[in-house]
Amino acid sequence: MNNPRMQTSCFINTIKTTNAQLINNMIKPLYKYLAININTKLIMLLAIILFQSCKTQQLLTKTSLPKVENQLKGELDYANGGFELVQWQNSGDEITLGRIDETGEIHFSLPEYDIKALGKNHMPNHFESGFNMLRCKGRGDFDMVGNPKFKTPYDDVYSQLYAPMYIKKYGVNIAYISPVSDEKMLLKESWDKVIGNKYYWMYIDRALDYKATCIRESFKSTEHEIERSADIQLKKGWNFIKANLVEIQNYGEKNEHTMAKTFLYTLSSPESKDVKWYLTRVMDDEKILAAKKEYGLTPITKEQFEKWAPNTLGDLSIETKEYGIPAKGQTNKNNIHLSYVNETQKREIDLYVVDCSKSPVDLEMVDFAYAMENDGKEEKDIKPYITQYNEAENVTMLLYKVGDSMFVEASAVNINGEDLWVYIEKLNVEKLLK
């Protein structure tokens with residue numbers, strides 16, 4: 001016989017289950033609806049926040065870029081574009097530090113590199129020389145160039161200052177840019193007389209806490225001293241240094257002259273509002289336009305060089321013909337190296353023909369040599385070439401500028417200057433320019 005209590009219990013449980021299912025079926029869609037709407041609203045809210053954050057970040061990035069204070073006219077107007085920031089490493093190799101765009105904003109692209117691999121042979125210097133903290137009173141003896149003769153904690157530190165930064169365009173340095181707090185500090189006669197800050201980049205091979213003070217006699221007056229202090233937490237790589245002239249002092253019989261008294265070195269940022277960036281011209285427009293003309297020339301190719309190079313030069317036969325190997329002390333690889341010999345007469349010519357169409361700066365030393373050679377000469381006495389004789393080695397050297405973009409550098413054994421010029425004329429280097 002069935003137990004009615006049990007059936008009721010089952011029925012009640014069935015009702016409970018049914019009600020629970022009904023409630024559950026009613027709540028689930030509602031919960032899902034609410035969840036979807038809440039999630040949608042949250043996503044929309046997050047999107048708005050992210051959008052505003054991106055806009056804010058873009059605005060900060062845009063407004064935080066340093067900008068040139070002075071807009072020069074002519075070829076040095078940054079609105080013309082093409083301004084590259086360069087300097088030179090201790091090895092002598094050029095390094096690009098950034099650019100200036102057409103609005104005058106400065107974009108840094110500071111490369112990381114192995115400064116230790118460059119060594120210290122090319123430009124030996126001590127870390128503390130970057131802060132002018134050498135020859136300090138009570139710290140020992142120094143050599144002629146200011147390096148300490150005693151051990152310091154910084155003897156194995158590799159560092160380099162990059163000041164100023166040069167503006168390169170058309171393959172030449174047309175200006176430089178200086179970061180200061182006051183434009184008056186750029187005047188030669190007042191660089192150490194105006195209270196304010198100068199700034200520069202430094203690259204270092206390690207993180208280093210540098211805290212030191214140096215007191216030394218002023219070279220302007222032995223009765224006065226200059227104090228320099230540093231309190232810097234340098235990081236490995238690039239650091240933007242602030243050299244703050246804190247205090248000045250007077251000297252002279254009537255204290256009529258002014259000079260620096262106290263400097264403080266700390267870290268700063270190129271985006272700081274205190275930093276003002278000023279362009280200074282190093283080349284006039286006429287020279288810049290000449291460089292522009294040369295830079296627009298089409299470089300001579302390896303094939304053109306090799307096709308042109310003669311196998312004989314008068315009574316001399318070719319012995320060496322190689323492309324792209326710079327002469328000692330040069331870096332321009334767009335050249336051809338030729339050597340000609342006459343074994344019977346023991347005569348020899350070794351020469352380089354160098355194309356500077358994309359590197360006009362390489363012609364600066366050639367132009368300087370011509371200017372020195374011909375200074376004070378009348379036009380009728382000026383030759384198209386320059387020669388020099390080394391009597392000890394019986395070697396004649398010749399330099400010849402070809403057009404506006406090339407030069408020949410030659411050395412000869414048992415051949416005098418005039419005869420060497422005859423050989424160079426037979427090369428017909430001008431044919432490469434046609």
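The values are calculated or read from the model by the stated rules, or taken from the named source; none is laboratory data. Values in this document were obtained by computation on a predicted structure and should not be read as measured data. Note that each Cβ is placed from the backbone with ideal geometry, even for glycine, and that neighbours are counted across all protein chains shown.
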So for the stretch 316-324 (the condition being among the acidic types (Asp, Glu) and modelled with pLDDT under 95), does at least one residue qualify? no
Leu134 vs. criteria surrounded by 16 or more Cβ atoms within 10 Å (Cβ to Cβ), in contact with a Cys (Cβ under 9 Å, 6 or more places away or on another chain) and part of a loop (DSSP other than H, G, I, E, B): yes
Within the stretch 189-201, identify whether any single residue is surrounded by fewer than 16 Cβ atoms within 10 Å (Cβ to Cβ) and of a type in the set (S, T, N, Q), and answer yes or no. yes
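One line per residue, one yes/no per condition, for (1) among the hydrophobic types (A, V, I, L, M, F, W, C); (2) in the same structural domain as Asn197 (by TED's automatic domain parsing); (3) more than 23 Å from the chain's Cα centre (by Cα); (4) in a strand (DSSP E or B):
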{"site": "Ile226", "(1), (2), (3), (4)": "yes, yes, yes, yes"}
{"site": "Ala243", "(1), (2), (3), (4)": "yes, yes, no, yes"}
{"site": "Val246", "(1), (2), (3), (4)": "yes, yes, yes, yes"}
{"site": "Asn255", "(1), (2), (3), (4)": "no, yes, yes, no"}
Filtering the stretch 326-336 down to residues that are of a type outside the set (S, T, N, Q) and surrounded by 12 or more Cβ atoms within 10 Å (Cβ to Cβ), which residue is modelled with the highest pLDDT? Ile336
In the stretch 381-434, which strands (runs of 3 or more DSSP E) lie fully inside it and hold 3 or more residues that are aliphatic (A, V, I, L, M)? 395-402, 406-413
State which residue is surrounded by the fewest Cβ atoms within 10 Å (Cβ to Cβ) when the search covers only the stretch 86-116 and only residues that are hydroxyl-bearing (Ser, Thr, Tyr) and assigned to a loop (DSSP other than H, G, I, E, B). Ser109
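Residues are listed down the side, and each one gets a yes or a no for (1) touching a Leu at 6+ places or on another chain (Cβ under 8 Å); (2) of a type in the set (A, V, I, L, M); (3) surrounded by 15 or more Cβ atoms within 10 Å (Cβ to Cβ):
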{"site": "Asp182", "(1), (2), (3)": "no, no, yes"}
{"site": "Thr213", "(1), (2), (3)": "no, no, no"}
{"site": "Glu227", "(1), (2), (3)": "no, no, yes"}
{"site": "Ile232", "(1), (2), (3)": "yes, yes, yes"}
{"site": "Lys236", "(1), (2), (3)": "no, no, no"}
{"site": "Glu253", "(1), (2), (3)": "no, no, no"}
{"site": "His257", "(1), (2), (3)": "no, no, no"}
{"site": "Lys261", "(1), (2), (3)": "no, no, yes"}
{"site": "Lys273", "(1), (2), (3)": "no, no, no"}
Looking at (1) over 24 Å from Gly92 (Cα atoms); (2) more than 22 Å from the chain's Cα centre (by Cα), which one does Ile325 not meet, given that it meets all the others? (1)
Go through the stretch 278-322 and count every residue that is on the phi < 0 side of the Ramachandran plot and part of a loop (DSSP other than H, G, I, E, B). 13
Flagged pairs (Cβ under 9 angstrom, 6 or more apart or on separate chains; first in the stretch 275-289, among the acidic types (Asp, Glu); second assigned to a helix (DSSP H, G or I) and surrounded by 19 or more Cβ atoms within 10 Å (Cβ to Cβ)) are Asp284/Glu75; Asp285/Glu75; Asp285/Leu76
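Based on this model, can you work out whether Ser339 counts as modelled with pLDDT of 95 or more, assigned to a loop (DSSP other than H, G, I, E, B) and either under 30 Å from Ser181 (Cβ atoms) or not assigned by TED's automatic domain parsing to the domain that holds Val172 (or both)? Walk me through it before giving the result.
Details: modelled with pLDDT of 95 or more: yes; assigned to a loop (DSSP other than H, G, I, E, B): no; either under 30 Å from Ser181 (Cβ atoms) or not assigned by TED's automatic domain parsing to the domain that holds Val172 (or both): yes.
Against the criterion (modelled with pLDDT of 95 or more, assigned to a loop (DSSP other than H, G, I, E, B) and either under 30 Å from Ser181 (Cβ atoms) or not assigned by TED's automatic domain parsing to the domain that holds Val172 (or both)), Ser339 does not qualify.
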Residue pairs within 9 Å by beta carbon, gap of at least six or interchain, first lying in the stretch 183-195 and over 11 Å from Ile248 (Cα atoms), second acidic (Asp, Glu), listed first then second, are Glu183/Glu69; Met185/Asp192
Going by the conditions given, is Glu373 of a type outside the set (A, V, I, L, M, F, W, C), touching a residue at least 24 places away in the same chain (Cβ under 8 Å) and either assigned by TED's automatic domain parsing to the domain that holds Asn311 or closer than 18 Å to Gly314 by Cβ (or both)? no
